[in-house]
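The values are calculated or read from the model by the stated rules, or taken from the named source; none is laboratory data. Everything numeric here is computed off the predicted structure, so don't read it as measured data. Neighbour counts are summed over all protein chains in view; Cβ atoms, including those assigned to glycine, are modelled from backbone coordinates with ideal geometry.
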Amino acid sequence: MRKKIVAGNWKMNLNLQEGVALATELKAALAADKPNCDVVICTPFIHLATVADVVKNTVIGLGAENCADKEKGAYTGEVSAAQVKSTGAQYVILGHSERRAYYGETAEILKEKVNLALANGLKVIFCIGEVLEEREAGKQNEVVGAQLADSLFDLTDEQFANIILAYEPVWAIGTGKTATAEQAQDMHAFIRGCIAGRFGDAAENVSILYGGSCKPSNAKDIFSKPDVDGGLIGGAALKCEDFKGIIDAWK
């Protein structure tokens, strides 16, 4: 059975006090009404150690939004996978479209980050997805297939067991265009096929999350698709009521 997962990506939002307040509210909401899926919140680095204490021994998992592609050393401002792990976090988001677009993260850089994260006992939420020009040119499968192959296909089967995939239709985020549940399913099925071609039966076990403007109003429809195993949630993860509404789509 593939794990059903709803993960929140707070991005560069919420100061430390606001983040603690949101985590505390979410903890109470999920204690009162147990979720029917795994729940993860991925926070800015400065929140991790404090929020780890808030969600300790609860149903909420904790992750970082990124980590460095170096093990340690003179890399001012960077945070290593080992440092992330030491806070109590269990997950890290890598390859997010914003990291690729704004910070020039290449497949080779991401390969290094994935290997370091896995070596330090973190589960990786690895993001893939095409931009509008690529979608309009009909190149979405080519682009997403290359993102998978170039950063993940050197992993062993044992390593790949700690990968969660997240498909972001970058063209449908903040553009006024929307991806339908059917388009999400089509791409998720393609991704699963790529994984089957490289890792065989592991394709049936890997969770593939949808990362394109998922909200309480459309989550149930999207999650009903056979190859969609949950969501990587942005804006809607910043309000407890909205995030829980998406979690409840699994009920």
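Residues checked against (1) over 16 Å from the mean Cα position of the chain (by Cα); (2) buried (at least 19 other Cβ atoms within 10 Å of the Cβ); (3) part of a loop (DSSP other than H, G, I, E, B):
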| residue | (1), (2), (3) |
| --- | --- |
| 184 | no, yes, no |
| 189 | yes, no, no |
| 206 | no, yes, yes |
| 213 | no, yes, yes |
| 231 | no, yes, no |
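When the residues of the stretch 24-57 are filtered to those that are within 21 Å of residue 83 (Cα to Cα) and hydroxyl-bearing (Ser, Thr, Tyr), the one that is surrounded by the most Cβ atoms within 10 Å (Cβ to Cβ) is 43. When the test is whether a residue is over 12 Å from the mean Cα position of the chain (by Cα), surrounded by 24 or more Cβ atoms within 10 Å (Cβ to Cβ) and among the hydrophobic types (A, V, I, L, M, F, W, C), residue 101 does not pass it.
When the stretch 191-200 is limited to residues that are surrounded by 19 or more Cβ atoms within 10 Å (Cβ to Cβ) and over 18 Å from the mean Cα position of the chain (by Cα), the one that is nearest to residue 222 (Cα to Cα) turns out to be 194.
Of everything in the stretch 137-160 that's without any contact (Cβ under 8 Å) to a residue 12 or more places away in the chain and assigned to a helix (DSSP H, G or I), which residue is surrounded by the most Cβ atoms within 10 Å (Cβ to Cβ)? Before you say what the answer is, go through the steps one by one.
Quick first cut of the stretch 137-160, residues without any contact (Cβ under 8 Å) to a residue 12 or more places away in the chain only: 137-139, 142, 156, 158.
Remaining after also requiring assigned to a helix (DSSP H, G or I): 142, 158.
Numbers: 142: 12, 158: 8.
Among them, the one singled out is 142.
Selection of first residues in the stretch 41-56 that are modelled with pLDDT of 95 or more and among the small types (Gly, Ala, Ser) and of second residues that are buried (at least 16 other Cβ atoms within 10 Å of the Cβ) and not in a helix (DSSP H, G or I), restricted to Cβ pairs under 7 Å at least 6 apart or on distinct chains, gives the following pairs, ordered by first then second residue: 49/87; 52/62; 52/87; 52/89.
Condition first: closer than 29 Å to residue 32 by Cα, part of a loop (DSSP other than H, G, I, E, B), in contact (Cβ under 8 Å) with a residue 24 or more places away in the chain and of a type outside the set (A, V, I, L, M). Can you find one or more residues in the stretch 167-174 that meet it? Looking through the stretch 167-174, none of the residues is closer than 29 Å to residue 32 by Cα, part of a loop (DSSP other than H, G, I, E, B), in contact (Cβ under 8 Å) with a residue 24 or more places away in the chain and of a type outside the set (A, V, I, L, M).
Can you work out which of the residues in the stretch 119-131 that are over 15 Å from the mean Cα position of the chain (by Cα) and surrounded by 14 or more Cβ atoms within 10 Å (Cβ to Cβ) is nearest to residue 187 (Cα to Cα)?
Filtering the stretch 119-131 for residues over 15 Å from the mean Cα position of the chain (by Cα) gives 119-121, 130-131.
Imposing the further condition that a residue be surrounded by 14 or more Cβ atoms within 10 Å (Cβ to Cβ) reduces the set to 120, 130-131.
Values: 120: 30, 130: 11, 131: 14 Å.
Going through the qualifying residues, I end up with 130.
May I ask you to say which residue of 243, 190, 199 is at pLDDT 95 or above, aromatic (Phe, Trp, Tyr) and within 24 Å of residue 43 (Cβ to Cβ)? Of 243, 190, 199, the one residue that is at pLDDT 95 or above, aromatic (Phe, Trp, Tyr) and within 24 Å of residue 43 (Cβ to Cβ) is 243. Pairs are defined by a Cβ separation below 6 Å, a sequence spacing of at least 6 or placement on different chains, a first member in the stretch 13-34 that is in contact (Cβ under 8 Å) with a residue 60 or more places away in the chain, and a second member that is outside any helix (DSSP H, G or I) and β-branched (Val, Ile, Thr); the pairs so defined are 30/59. Report yes if some residue within the stretch 131-141 is under 21 Å from residue 40 (Cβ atoms) and small (Gly, Ala, Ser); otherwise report no. No, the stretch 131-141 contains no residue that is under 21 Å from residue 40 (Cβ atoms) and small (Gly, Ala, Ser).
If the condition is being among the polar types (S, T, N, Q) and closer than 23 Å to residue 123 by Cβ, then the stretch 190-241 contributes 205, 207.
Of the residues making up the stretch 103-122, none is acidic (Asp, Glu), touching a helix residue (DSSP H, G or I) at 6+ places or on another chain (Cβ under 9 Å) and closer than 23 Å to residue 177 by Cβ. In the stretch 46-78, how many are of a type outside the set (Gly, Ala, Ser) and in contact with a strand residue (DSSP E or B) (Cβ under 7 Å, 6 or more places away or on another chain)? Qualifying residue count for the region: 9.
I need the full set of residues from the stretch 58-77 which are surrounded by 20 or more Cβ atoms within 10 Å (Cβ to Cβ) and out of contact with any His (no Cβ under 8 Å at 6 or more places or on another chain), in order please.
At the first step, the residues of the stretch 58-77 found to be surrounded by 20 or more Cβ atoms within 10 Å (Cβ to Cβ) are 60, 62-69.
Across the stretch 58-77, the qualifying residues are 60, 62, 63, 64, 67, 68, 69.
In this structure, is residue 246 in a helix (DSSP H, G or I) and either within 20 Å of residue 126 (Cα to Cα) or free of Cβ contacts under 8 Å to residues at least 24 places away in the same chain (or both)?
Details: in a helix (DSSP H, G or I): yes; either within 20 Å of residue 126 (Cα to Cα) or free of Cβ contacts under 8 Å to residues at least 24 places away in the same chain (or both): no.
Considered against the rule, which asks whether it is in a helix (DSSP H, G or I) and either within 20 Å of residue 126 (Cα to Cα) or free of Cβ contacts under 8 Å to residues at least 24 places away in the same chain (or both), residue 246 comes out as no.
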